[in-house]
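Peer 1: Quick one: the structure is below, and I'll ask about it shortly.
The values are calculated or read from the model by the stated rules, or taken from the named source; none is laboratory data. Keep in mind the model is a prediction, meaning the values are calculated, not measured. Cβ sites come from the backbone with ideal geometry, for glycine too, and all protein chains shown count toward neighbours. Heavy atoms of the whole protein, side chains included, go into the accessibility calculation; ligands, DNA and RNA do not. Shrake-Rupley method; radii C 1.70, N 1.55, O 1.52, S 1.80 Å.
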Amino acid sequence: MPPTTQKLAPPTPGAPAPLPTTRRGRSKGTRDLPAWGFLAPAIALFVIFMALPIGYAAYLSLRTVKVSGLGLGAGARTESWAGFANYSRALSDPEFLSSVGRVGLYGLLLVPTMIVLALLFALLLDSRGARAKGFSRISIFLPYAVPAVISSLLWGFLYLPAVSPFYYVFEKLGWDAPSLLSSDLVLFAIANIALWGGVGFNMIVIYTSLKAIPTDIYEAARIDGANERTIALRIKVPIVTPSLIMTFVFSMIATLQVFAEPTTLRPLTNTISTTWSPLMKVYRDAFTRDDLYSAAATSIIIAAATFILSFGFLRLVQSRAFSQEK
């Protein structure tokens, strides 16, 4: 049906005739239904697999279990309110504090090295004299596609003196190579695995940002006499600073959540304990000691620390990195 029009008053002399107005169409809520329909699957997955588990973990962290007698029979184990006792016990646990210290050293060693190498590879691939760019990109990125468990197993056998081809070559050459799985070097061995797998992802992020820079900027700099090194340091690096910050935050979050590498290497050496990292302690408490309440409190502490560090770092560098977006 054609839209009904309202009856208009006769126009005044010398004034333009008003256009006919139509009745109001669909309401705003009705127009937004298709958008909510597209968002509904993502919202449902987030609520089911993120929000609800986090809420349930927070609930468990405030509970505890009371054992009556020998803990046998129906009603011998009852759940009760614990308040913040689980948090207090987790924060005062020497094993948890030691794991936090180890992961802190691990992050100080891994994250800056990873970002510097990723930036270096991205700049080399973006330079004018680079050759075989496609092959180089795939070669650098390929380790990221290898699952952490598989890469840990591969490197673990390379670290074992009895089966490693590197130790065989060193022995034939008469070199005394140290064991990378020893207590003094195991931190570097684990960081090497994460470095091998993470540089490619960060490199792709930075390289994509470099390709988005207009080439006119480079041409103007070359006309002014700038060489490739000056262009890289004075133009490329400042422009891709937001990408560097993003990769730094991602790497920091992954560092706080390190689990697969030390867990996979643990059967190969006795220098990695069951509480080497905070997440390994959560796993031990939940599935070995059957203490879900303490594990839930520790996991909430890890999540809160990750959020605080990430948000605090972004707030610290916001004015420096994202000033061009204002």
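Peer 1: Out of the trypsin sites (Lys or Arg not before Pro) in region 110-216, which ones are loop residues according to DSSP with at most 10 other C-beta atoms within 10 Å?
Peer 2: ARG128, ARG131
Peer 1: A further question follows. Mean-square fluctuation check for the chain, GNM, Cα pairs under 10 Å: which of GLU261, GLU95, GLU228 is largest?
Peer 2: Among GLU261, GLU95, GLU228, the largest mean-square fluctuation in the Gaussian network model of the chain belongs to GLU228.
Peer 1: For the chain, what is the relative contact order in percent, using Cα pairs closer than 8 Å and at least 6 residues apart in sequence?
Peer 2: 23 percent
Peer 1: Something else about it: Can you work out the accessible area per residue across the chain, with the rest of the protein chains kept in place, probe 1.4 Å, in square angstrom?
Peer 2: It amounts to 64 Å² per residue over the chain.
Peer 1: Taking 45 Å as R0, compute the FRET efficiency from the Cβ-Cβ separation of ALA162 and ILE223 and round it to 0.05.
Peer 2: 0.15
Peer 1: Further question: Positive end of the dipole of region 186-287, charges at C-beta (+1 Lys, Arg; -1 Asp, Glu), about the Cα centre: which of ALA194, PRO242, LEU210 has its Cα farthest in that direction?
Peer 2: ALA194
Peer 1: In the chain, if the dipole is taken from +1 on Lys/Arg beta carbons and -1 on Asp/Glu beta carbons about the Cα centre, which of SER127, THR264, ALA90 is farthest to the positive end?
Peer 2: Of SER127, THR264, ALA90, it is SER127.
Peer 1: For region 249-264, in order, what is each residue's ³J(HN,Hα) by Karplus, 6.51 cos²θ - 1.76 cosθ + 1.60 with θ = phi - 60°, in whole Hz (x at glycine and Pro)?
Peer 2: Ordered by residue, 3J(HN,Hα) equals 5, 4, 5, 5, 5, 5, 5, 5, 9, 4, 8, 5, 5, x, 5, 6 Hz.
Peer 1: Cα-based count: Lys pairs in the chain below 21 Å, eight or more positions apart or different chains?
Peer 2: On the way: LYS133/LYS211; LYS133/LYS236; LYS211/LYS236; LYS236/LYS326.
Lysine pairs, 8 or more places apart or on different chains, close enough: 4.
Peer 1: Where does helix 33-46 land angle-wise versus the long Cα axis of the chain, in degrees 0 to 90, nearest 10?
Peer 2: 10 degrees
Peer 1: With springs only between Cα atoms under 10 Å apart, run a GNM on the chain and tell me which of GLY225, GLY200, GLY312 wobbles the most.
Peer 2: Looking only at GLY225, GLY200, GLY312, the biggest GNM fluctuation is shown by GLY225.
Peer 1: Right, here's the next one. Quick one: what are the phi-derived ³J(HN,Hα) couplings along region 286-299, Karplus 6.51/-1.76/1.60 with θ = phi - 60°, whole Hz, x for glycine and proline?
Peer 2: For region 286-299, the Karplus curve yields 7, 10, 9, 8, 6, 10, 5, 6, 5, 5, 5, 5, 5, 5 Hz.
Peer 1: Quick one: what Rg and Dmax do you get for the chain from the alpha carbons, in Å?
Peer 2: Cα-based Rg and Dmax for the chain come out at 29.2, 108 Å.
Peer 1: Under a GNM of the chain (C-alpha, springs under 10 Å), which listed residue has the highest mean-square fluctuation: GLY101, GLY129, GLY198?
Peer 2: GLY129
Peer 1: What do you reckon, how do PHE170, PHE38 stack up by accessible area (1.4 Å probe), largest on top? Spell out each step's value before the answer.
Peer 2: Numbers: PHE170 65, PHE38 170 Å².
Largest accessible area first, the list is PHE38, PHE170.
Peer 1: Further question: Quick one: dipole size for the chain, taken about the Cα centre, charges +1 on Lys/Arg Cβ and -1 on Asp/Glu Cβ, in debye to the nearest 20. Let's see the in-between values first.
Peer 2: Details: 28 positive and 17 negative charges, 275 e Å.
That gives a dipole near 1320 debye.
Peer 1: Still on this structure, I have one more. Could you work out the local net charge near ALA221, counting Lys and Arg as +1, Asp and Glu as -1, over the other residues with Cβ closer than 15 Å to its Cβ?
Peer 2: Net charge around ALA221: 0.
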